[in-house]
Structures are given as structure tokens and as C-alpha cells.
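The structure under discussion appears below in the form of C-alpha cells.
Every number here is computed from the coordinates shown, using simple stated rules; none is lab data. Just so it is clear, the structure is predicted and the values come from calculations on it, not from any experiment. Glycine gets a Cβ as well: all are built from the backbone with ideal geometry, and neighbour counts include every protein chain shown.
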Amino acid sequence: MHGYCTGRPFHAQAVFRALINKPIALEVFVQAAATQGAGLEAAFQRVQKMQRQDLGQFLYDDAWGRLTSDLRRVLLLMTRLGDNHDQYLFQLCCQRTGVTVAAASEAIEESRGIGSFSRIEGAAQITLSPEFYNYCVERYEVTDGKREPTDDDVNWVKRRYHEFLTSTEAKVSDRAIQAFRTPAARAAWKSYSEGNYSDACDYYETAVLEDPENGWLFDRYAYTLMRKRRLPAALEQSRKATLLLPDEAEVYFTRGMIESRIGDEDSALQHLTTAEELGKPKHLCELQKTYAYINTEPQNLIKAQECVERALRLAPKDRFYSRFMEEVTRLQRRWL
């Protein structure tokens, strides 16, 4: 079907191409075409008029009313920072408002044209539609008499995002250098090297979304979580690492370390033995098995002492020997 508009043929396919990324506008077009009886051209002109005059108010009020207060605050905070967000900026907005990335992503994807997701070089990008951006840019959500987002919210996100961008330029020095292929991963390494494990975990959370097939990245994330004593979460990431890298000694060693601290003796011994078979130095594996024996219930101090003695006999007198002995001393103090 076609008509004539400004001297050019009017085609139904052109209408749908123009409205395909605006489901709400497309719905209004269909309704107008069905009720006016004036054909597709008149319905399309009506939608165009709404877009020029007050598309946001007319088309987004219903969608806005379906969102929870928390999700509204996420979207409002995002609009204060622009209409295009990379994965980490999006995550910061979610973090500041206490909403999970998964919940916010689902709301945008099901929002009938609020925004769209794309990937650029493997990294997620979230783009808010121009109409919705204009709809939100001067709106506020009132919580307990306070208008949100506040200037503090916006400044917090801006500051953290600036810190992130600065961190991405860090020169990484790590035995698993292949873990740090993305900016977020490099930022995680920098935060970890500075002893800021909480920020490192936040960066790792973004990094694994950007690079989900990188087993080394999951291994380094798991190790950081272990240092924060978040052992169940650490084990979850370590399991992913061993699935992705089934022939790498290092990832089994990390997994065995975590399991030994949880007190899962059987699994820890199994994975530390696998690490040794794949080439991890035996004295390091023996030392980590000690933790498994002293963290299980009941403790097996005899086996623990035997592991320490074997580790001491096998340890080379290299540049890492003093660090090795410090760990031996800490362990022995736990049962002496």
C-alpha cells in the first residue's frame, strides 16, 4: 500500500522501518490507522506530530508508571550522565541506587523503546532513546521527601568513573597477564595491587561481563574474593576458571586453596593434586593441603604437620623462599 506525502511515495515498509525501534510509537501508529480510517499516511503523520510536540509525555507515561521506584532512580541517574553509557558507567548507576545490573537491564530491554543494548569490541553499550532522555532529563523521584537523584549521586558516579578510566591505563604485572585484556580487568588489577580489594571486585564484576570466556580472568577474580574472605563467591568463580581452562595447573591450585580454606578436605586435596600433576611446584601444593587438614572438622594435625615437613624438604632456596617461610610460620602458629 502506498500514498503520496511531500511528493514522494508513501510505503508501509518505510513506516515500519522508521518506527521499528520505537515500539510505543509503533503501537500508537497501528491504533491510529485502525480508528481514523484515513489510511497509513494520516496515521504516520499523527505519530510524527506527537514526536515533535510531546511524544515523551504521551508515549512514556504508561511505561514509566510500570517501573518500580528503584528502577526509575537508576534511569534518572543515567540521564544526568548522558544518553550513552558503557558497561561500567551503567554498573555504577546501578550500584549507587542499589539495583542489580540484571534487573536494570531487564527493565530497559522490556521497556518498549526506552533504550537499547549493543556491543562494541565485546563491551556492552546502553543507549537511551532521544525521546525518553528528554522525558527524564528534568524529572525527579521523591523518596522520603527528598528529590533523587541528588547532586551527590551524580558526583559520586562521575568520580568513580573517572577513577576507573584512569585505572584502565595501568601497566599490569601479573603471572596471568592474559587475564587483563579489557580496561575493567586492568582497573581491577590496579585496585588489587593497591590493596583495595573491594574496588577490585567491582571492576572484576564488569570485566567478566566483557570477557566471559577468559578463564584466567575468573581465576584472578576468585583469588581476590578469597583475599576478602568471600569464600563461597570465590569458589563459584574458581569453578568457572577450571571449566574454561581444564589443563592449567594454576586454576586448579587456586580452586584447591579456596576449598582448603572452606574446609572441603576431599575436594581441596583432589584439586591440589591435579595442580601438582599439571606442573605446579609440589612444595606449594603440600603447603596448601595443610589448610585443608586444619580447617576441616575434626582437624587432622598429624596430616597437617606431615604436609608442612614435606613442603619444607622440597622448597627450593630461591627468591621466593622467605615468603614461603612466612606462610609456614603463620600456619604452624595455628596449632602450636
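Specify whether the C-alpha gyration tensor of segment 168-246 places it in the rounded, prolate or oblate class, a ≥ b ≥ c being the square roots of the eigenvalues: rounded for a/c under 1.5, otherwise prolate if a/b is larger than b/c and oblate if not. The shape class here is oblate.
In terms of surrounding Cβ atoms within a 10 Å radius of their Cβ, Ser260, Ser129 rank from fewest to most as Ser129, Ser260. Assign one of three labels to segment 76-117, namely rounded, prolate or oblate, based on the Cα gyration tensor with a ≥ b ≥ c the square roots of its eigenvalues; rounded applies when a/c is under 1.5, prolate when it is not and a/b is larger than b/c, and oblate otherwise. Note, shape of segment 76-117 comes out oblate.
Test of the criteria: in segment 261-336, which trypsin sites (Lys or Arg not before Pro) are in a DSSP loop and have at most 10 other Cβ atoms within 10 angstrom of their Cβ? Walk me through the numbers on the way to the answer.
Numbers: sites: Arg261, Lys282, Lys289, Lys303, Arg310, Arg313, Lys317, Arg319, Arg323, Arg330, Arg333, Arg334; in loops: Lys317, Arg319, Arg334.
Here the sparse-neighbourhood loop sites are Lys317, Arg319.
Dividing the mean sequence gap of close Cα pairs (under 8 Å, 6+ apart) by how many residues segment 231-311 holds gives a relative contact order of 26 percent.
Using DSSP to define loop residues, name the GluC sites (Glu not before Pro) in segment 107-214 whose beta-carbon has at most 13 other beta-carbon atoms within 10 Å.
Values: sites: Glu109, Glu110, Glu121, Glu131, Glu138, Glu141, Glu163, Glu169, Glu194, Glu205, Glu210, Glu213; in loops: Glu110, Glu121, Glu138, Glu169, Glu194, Glu213.
Qualifying residues, ordered by number: Glu110, Glu121, Glu138, Glu169, Glu194, Glu213.
Dipole size of segment 168-246 about its Cα centre, with +1 on Lys/Arg Cβ and -1 on Asp/Glu Cβ: approximately 320 debye, rounded to the nearest 20.
Could you work out the relative contact order of segment 67-148? I mean the mean sequence separation of Cα pairs under 8 Å and 6+ apart, divided by the number of residues, in percent.
Numbers: 89 pairs, mean separation 28.3, N = 82.
In percent, rounded to a whole number, it is 35.
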